[in-house]
1. Within the stretch 201-217, can one find any residue that is within 17 Å of Val116 (Cα to Cα), at pLDDT below 95 and among the charged types (D, E, K, R)?
2. Report, by residue number, each residue of the stretch 146-186 that is within 16 Å of the ligand (Cβ to nearest atom) and over 16 Å from Gly129 (Cβ atoms).
3. Confirm whether Ser36 is of a type in the set (Gly, Ala, Ser), open to solvent by less than 10 Å² (accessible area, probe 1.4 Å) and touching a residue at least 40 places away in the same chain (Cβ under 8 Å).
4. Return the total of residues in the stretch 72-105 being of a type outside the set (A, V, I, L, M) and assigned to a strand (DSSP E or B).
5. Are any residues in the stretch 156-177 modelled with pLDDT under 95 and part of a loop (DSSP other than H, G, I, E, B), and if so, which ones?
6. I'm trying to understand the selection: among the residues of the stretch 69-93, which are within 16 Å of the ligand (Cβ to nearest atom) and in contact with a strand residue (DSSP E or B) (Cβ under 9 Å, 6 or more places away or on another chain)?
7. In the stretch 126-155, which residues are open to solvent by less than 40 Å² (accessible area, probe 1.4 Å) and more than 11 Å from the chain's Cα centre (by Cα)?
8. If we scan the stretch 69-77, do we find a residue that is in contact with a Pro (Cβ under 6 Å, 6 or more places away or on another chain) and over 16 Å from Thr147 (Cα atoms)?
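The values are calculated or read from the model by the stated rules, or taken from the named source; none is laboratory data. This structure is a prediction, so every number in the text was calculated from the model and none was measured. Cβ sites come from the backbone with ideal geometry, for glycine too, and all protein chains shown count toward neighbours. Side chains included, ligands, DNA and RNA excluded: accessible areas come from the protein's heavy atoms. Shrake-Rupley method; radii C 1.70, N 1.55, O 1.52, S 1.80 Å.
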Amino acid sequence: MTFRQTFDILICCVMCVVLNIVVLVVSSSMDPVIVSRSDWHAKPPKSIEVMMNPVPYVVIHHSYLPPACFTTEECIKAMQWMQDLHQINNSWADIGYHFAVGGDGKAYEGRGWSRVGAHAPNYNSISIGICIIGDWRERLPPESQLTAVHQLIEMGVREGKIAEDYKLVGHKQVRDGTACPGEKLYSSIQSWPHFYKVPNPPLPRAQPAVITLKEDNRLKKRTALTGII
Ligand SMILES: [Zn+2]
């Protein structure tokens with residue numbers, strides 16, 4: 001191999017590394033694709049409680065059930081399934097999570113940035129609850145799904161919905177008796193930015209304004225539901 005060939009290969013390798021870094025930086029600073037409630041055909045909430053932003057916590061969940069979804073069609077079905085589980089079986093106002101992220105790399109709008117959630121008692125009005133759709137006890141979500149979670153959190157910080165010095169916790173850290181977000185994913189999130197090892201109990205906060213919407217009588221059960229969240 002001539003000196004020129006060696007030099008060319010070296011230049012090529014350097015360019016590849018630079019390109020990879022650029023792609024990584026650009027992709028992590030991009031907003032995720034957000035699938036709005038109307039896009040996944042969400043039923044209306046039975047009531048709404050307004051949440052103050054920015055919130056100091058991000059709580060990470062897995063769905064356990066439904067299982068991981070890898071196409072938008074599957075993820076839309078998963079969102080509808082969870083909404084039915086929460087609204088009908090649990091008698092909650094709406095799907096409990098603020099957002100759910102699918103294996104299709106998209107972030108699905110649940111309660112959104114500024115409504116009180118139903119995903120972690122004591123943290124529902126001071127956190128954004130993000131469900132990573134799938135069972136992550138024994139394996140990790142695909143990289144594209146995790147990238148979308150990071151992009152979503154960064155978007156929330158940039159838009160003033162999540163505090164800049166937010167604390168990120170797994171569901172099991174703030175609620176006894178749950179293994180959520182699954183052992184494998186829980187190990188992983190401990191290396192994420194802002195992971196908070198031992199959260200203090202949150203201070204009580206002023207009661208948010210409650211706006212009660214008329215119950216939607218059209219609410220119909222879509223599927224037979226069983227499962228654990
Ligand atoms: Zn959970």
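1. Yes, the stretch 201-217 contains a residue that is within 17 Å of Val116 (Cα to Cα), at pLDDT below 95 and among the charged types (D, E, K, R).
2. Answer for the stretch 146-186, where residues must be within 16 Å of the ligand (Cβ to nearest atom) and over 16 Å from Gly129 (Cβ atoms): Asp176, Gly177, Ala179, Glu183, Lys184.
3. The answer is no for Ser36.
4. Final tally of qualifying residues: 1.
5. Arg175, Asp176, Gly177
6. Matches in the stretch 69-93: Ala78, Met79, Met82.
7. Ile126, Ser127, Gly134, Trp136, Pro141, Met155
8. no
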